[in-house]
Amino acid sequence: MWKYYQPVNVMFGEGELENLVSHLNHLNVKKAFVLADSFLVENGLVKKIQQKTGAVIGGFTSDIEPNPTIQNVESAVNMVKEMGADCLIAFGGGSVMDCAKATAAAVAHDCDVQDLISGMQINKALPIIAIPTTAGTGSEVTAGAVLSDKEKGIKTAIFSPAIFPKLAIVDPVLTYSVPKKVTAITGIDVLAHAFDAMTSKKANDVTDALALQAAKLAIKNLPKVVSNGLDKKARNQMSKASTIAGLAFSQTGTTASHACSYILTAKYNVPHGEACAFTLDSWIKFSAKIKPELEEYAQLLGFETVDRLADWLNHQKAIFGLKRNLSDIGINKNDLKDVVEASMSSANMTNNIGEIKQSDVLKVFESKV
Ligand code: NAD
């Protein structure tokens, strides 16, 4: 038995943002509130869409940190309630989109943000139009949002079909301004999504097909966009890869590379994609022993074996200047126990096709020297 449920209407294309007004009309939006990345306020794009949409956009906030916090959501919730918005526009990377999803749920439920992350059942949310400006998270087509509790030093995910955006406007032009290092970090997240989807218990033929296509596009185009951010064709392909990987893991969830990443971000400030990539190569090799098709997939992706694919990933991390060793992150031997325990406690650790034991996680981290 397998299922595939994907309610997001995806509009993909260079310049698609130009059609925002007609999308708002089509969705009968009366008053929208924009959650935007601060970069888009600085470069005038938020102002531009406000001018184009006239009175429909009633306000905005850009007070959203990378790895959005509970406080970021609380402050957005207050503004949205005060304005009485009937739609949220999430204009930014994964951080902004996730903040918007949590805001949409908290406003509709009239609840505390803390309730959302404490496991409250979410069954309604304000409609969201997601406009990604990074090629990485795929959050525009997923039903999850990841929030950080900085006081507790943890990242927690919330899930509900209610927070799937109504519409995703994926316009690759918006990613042209992403700096080199962020391009690498967000882009490698696409590969983490593709391979986590393939190694999930919930993988099926449809999600494997999506994940393979996403991986194929990213393997070909990520090195190109990192070495030349002005390569429009490659930028376009990376935006496509990001959304397609999102379509895959929106069904399967993520697995070990993500489970191991949260503590690296929450405690050691490693950006999301870089944190996932840190152990990704090891988990692909681990999973290939359980799912032999992964060897066939590696060949379809142009590698002789899964081991060579993992080598390629490691090599790209080195070229991109991403962290590859525990010492790069500042983790010493004494910290390893906590890092492993935190990784094991992530719900997605049990979503891998094979049972992952604490000793497996320790082995993976110990190999990063
Ligand atoms: P991000 O949204 O944190 O943005 C990273 C940096 O890029 C920021 O400094 C931002 O200002 C800048 N930026 C964004 N767009 C830009 C542009 N067009 N030009 C120049 N700079 C730009 O990074 P991200 O990787 O997109 O998102 C990471 C977050 O998404 C994490 O919190 C992660 O946990 C979450 N995430 C969520 C899902 C999901 O399905 N909900 C999936 C993966 C990751």
Which of the residues spanning segment 60-98 are within 8 Å of the ligand (Cβ to nearest atom) and either part of a helix (DSSP H, G or I) or assigned by TED's automatic domain parsing to the domain that holds residue 185 (or both)?
94, 95, 96, 97, 98
Limited to segment 2-57, what total is found for residues that are at negative phi, part of a loop (DSSP other than H, G, I, E, B) and open to solvent by 50 Å² or more (accessible area, probe 1.4 Å)?
11
Residue 11 more than 23 Å from residue 134 (Cβ to Cβ) and either touching a Gly at 6+ places or on another chain (Cβ under 6 Å) or at pLDDT 95 or above (or both):
no
Enumerate the pairs (first residue in segment 224-236 and free of Cβ contacts under 8 Å to residues at least 40 places away in the same chain and of a type in the set (A, V, I, L, M); second residue anywhere and surrounded by 15 or more Cβ atoms within 10 Å (Cβ to Cβ) and assigned to a helix (DSSP H, G or I)) with beta-carbon separation below 7 Å, excluding pairs fewer than 6 apart on the same chain, so at least 6 apart or on different chains.
234/221; 234/224; 234/225
Name the residue, out of 160, 242, 177, that is touching a Gly at 6+ places or on another chain (Cβ under 7 Å), touching a residue at least 12 places away in the same chain (Cβ under 8 Å), under 30 Å from residue 25 (Cβ atoms) and of a type in the set (S, T, N, Q).
242
Taking segment 42-100 on its own, how many of its residues are modelled with pLDDT under 95 and among the hydroxyl-bearing types (Ser, Thr, Tyr)?
1
Are there any pairs with C-beta distances below 6 angstrom linking a residue in segment 79-108 that is aromatic (Phe, Trp, Tyr) to a residue that is away from the ligand (no atom under 13 Å from the Cβ), with the two at least 6 apart or on different chains, and if so which?
91/34
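The values are calculated or read from the model by the stated rules, or taken from the named source; none is laboratory data. All values reported here derive from a predicted model rather than from experimental measurement. Using ideal geometry, Cβ is built from the backbone for each residue, glycine included, and neighbour counts are taken over all protein chains shown. We work out accessible area using only protein heavy atoms, side chains counted, and drop any ligands, DNA or RNA first. Shrake-Rupley method; radii C 1.70, N 1.55, O 1.52, S 1.80 Å.
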